[in-house]
Each structure stands twice: as structure tokens, then as C-alpha cells.
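S.K.: Dropping a structure here in C-alpha cells format, bear with me for questions.
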Amino acid sequence: MEATYTLLLILAAASCGTATTLFRSARQAPGSIFTVGNGEQCLGSDRSTGGVCLSRNQCNTQGGKAIGFCGVFATCCSLNACDIRTNTKVAVFINPPLNRESSGLECSYNVEINNNNVCQIRIDFETFNLAPPTTVEAVENVTHRPGYTCRNDIFQVTNLHANSDILPPLCGDNNAQHMYVRVNASTNSRSIRLNFKIADRNTQPNLPQATWKIKVTQLECFNTLGKYRDGFLEAITSSLPATPFSSSADRDEYLIAPPGCLQYYPDRTGFFESFNYNRGAGPYIANLAYATCFKRTSDVCGIKLTAASFEMAYRTEDNMYLDTDCQMNPVTQGSSQSEDYLFIPEAETADGLRGSKYCGLSASNQIIASTPPGPIYVHFHSDNLVTNDVPEAGYRFNYNVLNNCYLRTNTFH
């Protein structure tokens, strides 16, 4: 009872804390009529089509199309072609016109590192609709099948050189998702390739039309002000507007992800979901293992997760879908059984249920508080197994970081 009471105090702190917290988003340098092509986003003359602000020569050499103007000396450039090479700080790539005659193609974008301070590349999927992941047809009297993988349309980041990260292939509906790529110009990791492989719609006419619009932002880690940004001073300096004298690295600081994070949410409130969540229909992609991270400032002690939807595979209906119910001990492992789970460290539900690995419906309709001593993150793991009649739809959570946990040393004892 005491544990439950404490958890309610933790959850209540999220709403209390956010009322007095300074929010911000990544700051951008102010626009100017003297812009000469800074790689920032822009709108075309129709005020609806997005592009990138480049010089006319840059736009032409990168295979783009001028759709408007940026100030006096630059053009708003739409990069809706394939085989584009760019080194601008921000680039926006849009699918070329696709129909049955032009499908069955590969479309690649080569992103070259802008300068030696670039340490991460953030890829935002403003629009991302590809054919969904699939598995083989069910066979009578066979309980298990291979997991859902990208067999038709495939998006993948390649040409990673010395980068040790293994980035997953993606497909399906990933609108508003994003991913991070680590780069290091000092180790010859000076470019990455974003590759779309689109299946032939002539032979598979039932596949949905492939469309995408992705924003690629090169983030710089060097920051002379970083050591001074802590606690209250950070809240003050981060709320100040950018100036023409602000460095790119200073503006990028807010978006820099902690090491090991495929996804990163720096805002204090928001939502996140599994890849190919597809408005709750899924299915999620097999063979994934990645961390979704959240910004931990000096005043943050945890995070509150409110499940909008949660439906993952499970081993058997005769358990609570927690911890060892989600992943078997390898010593006792026998026949193939599901090992899909979402790992939430130091987690407890509002009704007092404690656990770290969630599968099945264990997090469905739950409010979960996670108060780890270190980084704030969740870790998703999916195997290569589908069990008949066991859905693998995925999850969507709303989140609020906590800055007042009211914990006492003996509360949970």
C-alpha cells in the first residue's frame, strides 16, 4: 500500500513539474534576405511544398528542382530525385514520382559529412510509407513461422565505415519516426548512404504506393558552452534566441543523443511508438534490438509512461507477461518460444506491479513510472518468431519526464 502511495506521488509530480518548466526546441538561426544557401528548410512558392535553401548551383548539381526563393541570393530546392549527393547541414529528400512503370527501383542519397565537428546525423521521417513487413503463409498444424521482416520495400542506412552501430532495415508506416546515426570524420566515416529499394508493383499490384519525405540533419558535438549548461543556468541559456554569432554546435546541443540510442526524445513531454506501429495495426519488425532514450537534465529523476496501446507476443497465457515470462533463461530454454519484450528499467505500474520486461498485454492501459539511477531509456527486443493467433501489433506511449519523485530510502521495503 505504501509503495502504491509513493508511486502515485511520483506520477503526480509529472503534471506539477511541467507547469514551471522551461520548454524549448532546437534553435535555428534567424532567416535573412541575404541568405546564400544555408541548407535550412524552406517553403516553395506555393507555400506548402518543402525544400532546402541552397544556391542555384548547389541545387542543380544535386539534381534538385527550384521551387521558390530564399532571400535574394538562394533558391528553395526540392530534392525529389534519386542518386543525390549532398553535404549541406540540412537536406530534405522526397520520393520521385512513382507509378507501376517506374517501380522496382533503388533510390540512394549520399550524405557527406559537412565538417569534422559533425558527430551524429538525425534522420526524421516526415513521411514514410512503404510496403509492410511480411512473413510466410501459415501452414496447417505448424504453430510458428519466421518473424515479420522487410521483404518487399526496404529502407536502410549503409556505408557506415568504422561505425560499430548496426542499423535496422525499415519498412511499413513510419510517419513521424526518426533515427540517429553516429559518424566520426576522423576515422574516415565521412559519408553515409540512405537507400530505398522499392518492389516492382507490376508483379505485386496489391502493394501500397511507396512515398517518403525525409529530413537529414548533421549535428555538431563541439560546444564551448556545454560545460556551463547545467540546471538553472541551462534553462536560462537554452531559452535565449539564437544570434548570427551562435555556432551550429551550440544550436545542435539540444538534439545530441546519448551514446547507444537509436532514437532520442529531448522534449519533456511527447509520445513514442514501435516501428510500423501503423495506427495500432502493426506488425512490428522482427530481429530488432534498440534503445529509445530521453533527455535527463539535472532536475529529472525519472519518467512516466502512459500506454495508449500495447500488444506484443508472449510465451503462454498462464503468466503475468513480465520479466522471465517474456524471455526464457537460456539454461532452461527448450522449444522455440517468443522472446519479444520492451525493457523499462526500475519500473512500477500505478497498481504496484513491478517488473522490467513487458510483453503480451502487461503494459496495456497502464501508467508506469521508471526511476533508474542512470540514463532514461527503454529497450525494444523482437525475435524472429511469429506464433499463430498471437498478435504483434506493437506499442505507443505518451511520456512525461519527472522532476519530483519524493522517494524515501525505505519506501519500497
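All of the numbers you see were taken from the coordinates with simple rules; none came from a lab. As the structure is a computational prediction, the values presented were derived from the model and not from experiment. Cβ: placed from backbone, ideal geometry, glycine included. Neighbour counts: every protein chain shown.
S.K.: Give me the lysines in straight-line cross-link reach of Lys89: C-alpha distance below 29 Å, same-chain residues under 8 apart excluded.
M.R.: Lys65, Lys197, Lys213, Lys215, Lys227, Lys295
S.K.: I've got another one for you. At what distance in nm do the modelled label points of Glu346 and Asn159 sit from each other, each positioned 7 Å from its Cα along Cα→Cβ?
M.R.: It is 4.2 nm.
S.K.: Which loop-located chymotrypsin sites (Phe, Trp or Tyr not before Pro) does the stretch 57-111 contain, where loop means any DSSP state but H, G, I, E or B and the Cβ has at most 15 other Cβ atoms within 10 Å?
M.R.: Values: sites: Phe69, Phe73, Phe93, Tyr109; in loops: Phe73.
Taking the stretch 57-111 and a limit of 15 other Cβ atoms within 10 Å, the loop chymotrypsin sites (Phe, Trp or Tyr not before Pro) found are Phe73.
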